[in-house]
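The values are calculated or read from the model by the stated rules, or taken from the named source; none is laboratory data. This one's a predicted model, so the numbers in the text were calculated from it and none came from an experiment. Cβ sites come from the backbone with ideal geometry, for glycine too, and all protein chains shown count toward neighbours. Heavy atoms of the whole protein, side chains included, go into the accessibility calculation; ligands, DNA and RNA do not. Shrake-Rupley method; radii C 1.70, N 1.55, O 1.52, S 1.80 Å.
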Amino acid sequence: MAPIEGLEVEVERILPGGMGLAHAGGKTVLVSLSAPGDRLRVRVDREQGNILFASIEEIITPSPVRMEPPCPYFGRCGGCDFQQLTYEAQLEAKAEIIRDCLRRIARLENVPDIAVAPSPNNWRYRMRATWQIDQEQRTIGYYERGSRRVCDVADCAVLQPELQEKLEQVRATEWRQFPHALKHLDAVAGENGVSLSPAFAEFYTTELSLTIRGEVYHYNAEAFFQINLSLLAPLIDFALGDATGENVQDLYCGVGLFTLPLARQFRKVIGVESNAAAARFARRNLQHAGLMNARVISATVTDWFRSAAVGPVDFVLLDPPRAGAESAVIKGILDLRSTQICYVSCDPATLARDLKKLIGGGYVVDSIAAFDLFPQTHHVETVVRLCLKSQT
Ligand SMILES: C[S@@+](CC[C@H](N)C(=O)[O-])C[C@H]1O[C@@H](n2cnc3c(N)ncnc32)[C@H](O)[C@@H]1O
């Protein structure tokens, strides 16, 4: 399709995925990097059925919630897509995204008002990142928007200072020291330094530690760890509440962020995690804490449900990756008939898809909270507590 240029639109609101919604000539127009209330001249880059995907050519009248993106890479770098919004507008857009998914996808009636808890730092907050490396072009940074070209980033304004410093050290390393096949580096910070994976030159996959709500977690760059430390304590508080009982399953448990506090509130805990390094750290973290009432299974959650003899369970916590839980996992959870479920999610759309199935299986939503773990991007962490209908 030849690009359509000069189309005038007004952005109504921000949709899940972060694009602005507008309408023109009976078509839906999705505008990247826009703000609600923007009057824009846009260029249509792609058409899919009745939907036009567009980018901004000119801002005719800026939205009152629009601001000048401070990062010089904004627009080119695929990392942050909300820098054009004031921080208050980012939080409001995320609350609307969650409400929209719960209404439209989960078909939840009476969606409550959701206030997204702000991040105390909305810049320099990221303690984990993946840096892309193009040795031919000699660029290190993040993928460009909608492409696999590497945007060369010298200063990433959302990285914690320790991680930014490590990025600068990596960038200052002579190219001949980079392993030939190295295409990306995972980096994570902790209280005692920064860990990189894979290790090369003078960069090591150091073991790190971090204390949250009095629990000590060990991990390294080979295992998942959350991105924004500042909201993890209230997130765990909300996810667990004062739940107690005999048995709990912590699905997609990582290095045990929820497993340790769960092991203090329940008599027996099972954590399930497919990444071998993360499962090893989870076991060690439990052991160091003296929590002998928890077992960590190294398996996919699907395989766990396929193989395990399921007993009665009081509480299930699941915190899957962005794609959400596989259908077999939702079926496995429903078969457990636990009295309570806590779903922790970094994607409101897949969360809503899975909630619809859980609600169809006899659960009702008890409470919802959201945490802005990812300022300057459209991503948001949502926690939904559910209980079996007969328990309300
Ligand atoms: C969003 S993280 C949550 C980890 C942990 N709950 C935390 O908050 O740190 C998802 C975790 O699920 C793991 N994972 C991904 N797919 C999985 C699967 N099919 N079965 C089990 N674990 C999986 C990842 O390795 C990662 O540790």
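Taking the Cα of Val111, stepping 7 Å toward and past its beta carbon, and measuring to each backbone N in the range 6-21: which are under 15 Å? Only 13-19, 21 fall inside the zone, counting backbone N under 15 Å. Within the accessible area of the chain, the carbon and sulfur atoms contribute 50%, probe 1.4 Å, all protein chains present. For the range 345-392, dividing the convex hull volume of the Cα atoms by the residue count gives 49 Å³ per residue.
Seen through its C-alpha gyration tensor, with square-root eigenvalues sorted a ≥ b ≥ c, the range 80-132 comes out prolate because a/c lies at 1.5 or above while a/b is bigger than b/c. By the Cβ distance rule of under 4.7 Å, the chain has these cysteines without a partner: Cys71, Cys80, Cys101, Cys156, Cys253, Cys342, Cys346, Cys387. For the range 126-200, GluC sites (Glu not before Pro) are listed when DSSP marks them as loop and at most 15 other Cβ atoms sit within 10 Å of their Cβ; the list is Glu136, Glu174, Glu191. For the range 137-180, a crude dipole built from +1 on the beta carbon of Lys and Arg and -1 on the beta carbon of Asp and Glu, taken about the Cα centre, is about 300 debye to the nearest 20. Going by a ≥ b ≥ c, the root eigenvalues of the Cα gyration tensor, does the range 253-296 fall in the rounded group (a/c under 1.5), the prolate group (a/b larger than b/c) or the oblate group? It is prolate, given that a/c is not under 1.5 and a/b is the larger ratio. In the range 3-58, Cα pairs under 8 Å separated by at least six residues give a relative contact order of 36 percent.
Put a plus charge on the Cβ of each Lys and Arg, a minus charge on the Cβ of each Asp and Glu, and nothing anywhere else: the dipole of the chain about its Cα centre is then about 1020 debye.
In the range 140-203, taking the dipole from charged Cβ atoms about the Cα centre, the farthest positive-side position among Ala187, Val158, Tyr143 is held by Tyr143. Distance between the 7 Å Cα→Cβ label points at Gln169 and Thr61: 5.2 nm. Which of the three applies to the range 240-392, rounded, prolate or oblate, going by the alpha-carbon gyration tensor with a ≥ b ≥ c and a/c under 1.5 meaning rounded? Here the range 240-392 falls in the rounded category. Protection proxy ranking of 13-24, 358-369, by the mean of other Cβ atoms within 10 Å over each peptide's residues and highest first, is 13-24, 358-369.
In a simple Cβ point-charge model (Lys, Arg +1; Asp, Glu -1; nothing else charged), the range 83-233 has a dipole of about 460 debye relative to its Cα centre.
Projecting the Cα positions of Tyr343, Gly361, Tyr125 onto the charge dipole of the chain (unit charges on Cβ atoms of Lys, Arg, Asp and Glu, taken about the Cα centre) puts Gly361 furthest along the positive direction. Estimated at 0.36 nm per residue, the fully extended path between Arg213 and Ala24 surpasses their Cα-Cα distance by 63.0 nm.
Annotation: per residue accessible area for the range 58-107 equals 46 Å², rounded to a whole number [probe 1.4 Å, protein chains only]. Residue pairs exceeding 22 angstrom between C-alpha atoms, taken from Lys331/Lys389; Lys268/Lys356; Lys27/Lys357; Lys357/Lys389; Lys94/Lys183: Lys268/Lys356; Lys27/Lys357; Lys94/Lys183. Simple rule: put +1 on each Lys or Arg Cβ and -1 on each Asp or Glu Cβ in the chain, find the dipole, and look at Val383, Gly290, Val29; the Cα lying farthest toward the positive end is Gly290. Taking every Cα-Cα distance in the chain and sorting them into 20 Å bins starting at zero, the pair-distance distribution P(r) comes out as 26, 55, 20, 0 percent. Loop-located trypsin sites (Lys or Arg not before Pro) across the range 77-154 with a Cβ neighbour count of 16 or fewer within 10 Å are Arg107, Arg124, Arg138, Arg148, Arg149, with loop assigned by DSSP. Distance between the C-alpha centres of the range 316-392 and the range 30-80: 31 Å, rounded to the whole angstrom.
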